[in-house]
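Enquirer: Before anything else, here's the structure in question.
The values are calculated or read from the model by the stated rules, or taken from the named source; none is laboratory data. In this text the structure is predicted, and so the values were computed from the model without any measurement. FYI the Cβ positions are ideal-geometry reconstructions off the backbone, even for glycines, and counts take in every protein chain you see.
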Amino acid sequence: MVGMMGSGKSHWAAQLAKALGSRSFDLDQLLETQEGKTVTNIFAQEGETYFREAESNLLRSFASQDNFILATGGGTACFGANMEWMNQQGLTIWMDPPIPVLAERLLYEKQHRPLIAALADADLAQWLTQKRAERLVYYQSAQVVVSVTHPHLPDLLSSIQQHGQP
């Protein structure tokens, strides 16, 4: 699952995995465990380049796995050839709710999001609009697009089944 921060990737990965009888993983949580520090601290102490390389390496460690749903970080799809690699490995789902919905969801958790922590609340929607525009070329290559504010599990399952997945 790919998409902007706050798009619901982690939530829907868990819901889909439960419905499909598979496992779900959150790439950011796995990276925090691997590194022994939060994403915020990784960014602050090691920098974004280090974070993106570690994230990419962890993503590729899933090549030997099957029957799982992975919620990636918002920028995962945009680093290196990650999106192309994910499309070759399995079905990619782009969670794309409207920008005002993202801004509302993220307003109260900015301190845990290194890319937006220093933004003024009034600037959040504009930043999200710009960042989405930068990432659009990557996100648009996902095989399934979910662009509703409140998806329904049966609709997500139907989209997956239409693409030959369980």
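Enquirer: Pick out the one residue from A44, A17, A54 that is of a type in the set (G, A, S), in contact (Cβ under 8 Å) with a residue 60 or more places away in the chain and assigned to a helix (DSSP H, G or I).
Expert: A44
Enquirer: Within region 121-153, take every residue that is among the aliphatic types (A, V, I, L, M) and in a loop (DSSP other than H, G, I, E, B) and give me the one that is nearest to E84 (Cα to Cα).
Expert: The extreme case among them is A142.
Enquirer: Which of (1) part of a loop (DSSP other than H, G, I, E, B); (2) farther than 19 Å from S22 by Cα; (3) in contact (Cβ under 8 Å) with a residue 12 or more places away in the chain does Y108 not meet, given it meets every other one?
Expert: That leaves (3) as the condition not met.
Enquirer: Could you tell me which of the residues E48, E84 is of a type in the set (D, E) and at pLDDT below 95?
Expert: When all the criteria are applied, what remains is E48.
Enquirer: For region 30-41, name all the residues that are assigned to a helix (DSSP H, G or I) and free of Cβ contacts under 8 Å to residues at least 12 places away in the same chain.
Expert: Residues satisfying the conditions are E32, T33, N41.
Enquirer: Do we find a residue being β-branched (V, I, T), closer than 20 Å to P151 by Cβ, buried (at least 17 other Cβ atoms within 10 Å of the Cβ) and more than 13 Å from the chain's Cα centre (by Cα) anywhere in region 76-99?
Expert: Scanning region 76-99, I find at least one residue that is β-branched (V, I, T), closer than 20 Å to P151 by Cβ, buried (at least 17 other Cβ atoms within 10 Å of the Cβ) and more than 13 Å from the chain's Cα centre (by Cα), so the answer is yes.
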